[in-house]
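Following: one structure in structure tokens, then a few remarks.
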Amino acid sequence: MTSLVQPARVFMDPLGGTRTAVEARRWLWPLLILAFCVALSGTVYALRWDATTSIVSALPTDSTASSVSESDIAEQIQTASRKALVGGIAKGIIVMPLMVLLLACILWVTAWLFNKPAAFGQLLAAAAVALLPIALYHLIYAVCAGYQHSLTELRAERLVPSNLALLDGLSPKMQRVLKGVDFFNLWSVGLLGVGFSTATGMRLGRSLALVAVLYLMYVGVFLVGLPAGGAK
């Protein structure tokens, strides 16, 4: 029961709750909660998503367009909805546990580089606990999406406005940069800094700065660099 209550304590007492969870190596319940919430939001999104606009906009506009029948379009819409459903569930039960494991490995390498060895179980707990705000985001998203009659891709992006990329009048490059200024992501960065400090014994201020640098590297590569390269 204590392990089940521990994730809730992280929200009420971020410092004490995170430190207790990391010291006790309690990573299972945070990981299960994360997987469930992400799978839930993916499922609700897929059930509410109207794929018609996306499918119709991708249809050819040349002379071959007339060869596409209404039944073909309906089949493509149904296939897209099924793929979204399977992808949303898979993201929760497969991708998120792998992400937690990868994050723990990155923390282990970072601790080794700074000569601050730590037990991998504690680093795994730090990674799982740090992603609890992401689980909260997906839970909020699932609730909000559940009250929608239907969702377009644009409406889905703005359903839970948590980052500055949703401001109007921004260039595509600035949108990619400001996407990293996300409330739930920054919350996770703070918890990760506390967890890493607890696991390695590094001073809290130094740990927070180190994790912030790692997050900036993530934003630069995955939110700015790779999307910009794919847009060329």
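The values are calculated or read from the model by the stated rules, or taken from the named source; none is laboratory data. Since the model is a prediction, treat every value here as computed from it, not as a measurement. All Cβ positions, glycine included, derive from the backbone under ideal geometry; neighbour counts span all protein chains shown. Calculation scope for accessible area: heavy atoms of the full protein, side chains included, ligands and nucleic acids excluded. Shrake-Rupley method; radii C 1.70, N 1.55, O 1.52, S 1.80 Å.
The table for this structure:
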{"read-out": "Failed item, numbered, when Tyr218 is tested on (1) touching a Gly at 6+ places or on another chain (Cβ under 9 Å); (2) among the hydroxyl-bearing types (Ser, Thr, Tyr); (3) more than 16 Å from Pro133 (Cβ to Cβ); (4) open to solvent by 50 Å² or more (accessible area, probe 1.4 Å)", "value": "(3)"}
{"read-out": "Residue match in segment 74-81 (condition: open to solvent by 40 Å² or more (accessible area, probe 1.4 Å), touching a residue at least 24 places away in the same chain (Cβ under 8 Å), over 30 Å from Gln6 (Cα atoms) and among the charged types (D, E, K, R))", "value": "no"}
{"read-out": "Residue satisfying all of: in segment 5-42; assigned to a helix (DSSP H, G or I) and small (Gly, Ala, Ser); nearest to Leu101 (Cα to Cα) among these", "value": "Ala35"}
{"read-out": "Residue among Ser171, Ser197 that alone is under 25 Å from Ala135 (Cβ atoms) and either touching a residue at least 60 places away in the same chain (Cβ under 8 Å) or polar (S, T, N, Q) (or both)", "value": "Ser197"}
{"read-out": "Single residue of segment 151-165 satisfying the filter (open to solvent by 50 Å² or more (accessible area, probe 1.4 Å) and touching a helix residue (DSSP H, G or I) at 6+ places or on another chain (Cβ under 8 Å)) that is farthest from Thr43 (Cα to Cα)", "value": "Leu164"}
{"read-out": "Matching option when the condition is crowded, with 16+ Cβ neighbours inside 10 Å and closer than 21 Å to Thr18 by Cα, among Val213, Val189", "value": "Val189"}
{"read-out": "Condition check for Arg206: open to solvent by 70 Å² or more (accessible area, probe 1.4 Å), out of contact with any Phe, Trp or Tyr (no Cβ under 6 Å at 6 or more places or on another chain), modelled with pLDDT of 95 or more and not aliphatic (A, V, I, L, M)", "value": "yes"}
{"read-out": "Answer from Val177, Val143 - the residue that is in contact (Cβ under 8 Å) with a residue 12 or more places away in the chain and surrounded by 13 or more Cβ atoms within 10 Å (Cβ to Cβ)", "value": "Val177"}
